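Colleague: Dropping the structure in here first, questions after.
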Amino acid sequence: MSASGLNFFFFTVLPVAFGELLHWLYDWQILICGVLALIAARIWGRSVIRAARITARAKVPPAESRRPAAEPIVVPTPLAAGAEPIVKTPSPQAPELADRLFSLREQIRNTLGRMPCTDEVLSAERLDDCRGIADFPLGEPPASAGRAQIARFEALKSKLAALKGVRETDTCRNAWEALVRISMDARDLMGEEPAKVAGQSG
């Protein structure tokens, strides 16, 4: 191509084509912007989905770490020659005396909270409350109890047995006073430790 042809292309054809292109872009700028926005949104959506998948995969532990923990293997210890096997016998789960006395006092407090200290005769409900306390399972004194503690324990059982004789003609005041005496005896028995009365057992 000669120099005149190049000059004609660069200085005549190219400026005209560039001007027509600008004119065409100006006429279709709304459509072009919309297409470019759709392409950008599609690319951005794919990148977000890909990032979410990568994050989810990173949070899932590998199959080896998701296995359930194996139960510990108990290896029996060999017995020495001539040794007897140790057999553990489950100890009885009977409550201690202090726990029983505490439960008895709680039951008495609940009954006193529903019973007025008046000369009104006992209703059927209050009579049932008193007889329920009289039937409280006090059990037996501990084997390490001394004479004084056993005497207090038997006195408390006697007062509970006497409470069984309450009748409809008895007043709330009499039942109230009897329940208060039983609660005080239970409190005194709770405060007396076997070690303190061991010297009195002879």
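The values are calculated or read from the model by the stated rules, or taken from the named source; none is laboratory data. Note that this is a predicted model, so its numbers are computed, not measured. Because the Cβ atoms are built from the backbone with ideal geometry, glycine has one as well, and the counts that use them run over all protein chains shown. Surface accessibility is based on the protein's heavy atoms, side chains included, excluding ligands, DNA and RNA. Shrake-Rupley method; radii C 1.70, N 1.55, O 1.52, S 1.80 Å.
Colleague: Within the range 110-118, identify whether any single residue is charged (D, E, K, R), surrounded by fewer than 12 Cβ atoms within 10 Å (Cβ to Cβ) and either closer than 18 Å to residue 164 by Cα or modelled with pLDDT of 90 or more (or both), and answer yes or no. Step through it out loud before you land on a result.
Modeller: From the range 110-118, those charged (D, E, K, R) are 114; that's our starting set.
Subsequent filtering for residues that are surrounded by fewer than 12 Cβ atoms within 10 Å (Cβ to Cβ) retains 114.
From the residues that got through so far, the ones that are either closer than 18 Å to residue 164 by Cα or modelled with pLDDT of 90 or more (or both) too are none.
No, the range 110-118 contains no residue that is charged (D, E, K, R), surrounded by fewer than 12 Cβ atoms within 10 Å (Cβ to Cβ) and either closer than 18 Å to residue 164 by Cα or modelled with pLDDT of 90 or more (or both).
Colleague: Restricting to the range 127-157, name every residue that is of a type in the set (Gly, Ala, Ser), closer than 27 Å to residue 114 by Cα and open to solvent by 70 Å² or more (accessible area, probe 1.4 Å). So that I can check it myself, show each step before the final result.
Modeller: Taking the range 127-157 and keeping what is of a type in the set (Gly, Ala, Ser), we get 132, 134, 139, 143-146, 148, 151, 155.
Then drop every residue that is not closer than 27 Å to residue 114 by Cα, which leaves 132, 134, 139, 155.
Selection gives nothing.
Colleague: Select from the range 147-202 the residues that are acidic (Asp, Glu) and not in a helix (DSSP H, G or I) and write down the one among them that is modelled with the highest pLDDT.
Modeller: Taking the range 147-202 as the starting set, the residues that turn out to be acidic (Asp, Glu) are 154, 168, 170, 177, 185, 188, 192-193.
If we keep only those that are not in a helix (DSSP H, G or I) too, we end up with 168, 170, 192-193.
Details: 168: 83, 170: 88, 192: 56, 193: 45.
Of everything passing the filter in the range 147-202, 170 is modelled with the highest pLDDT.
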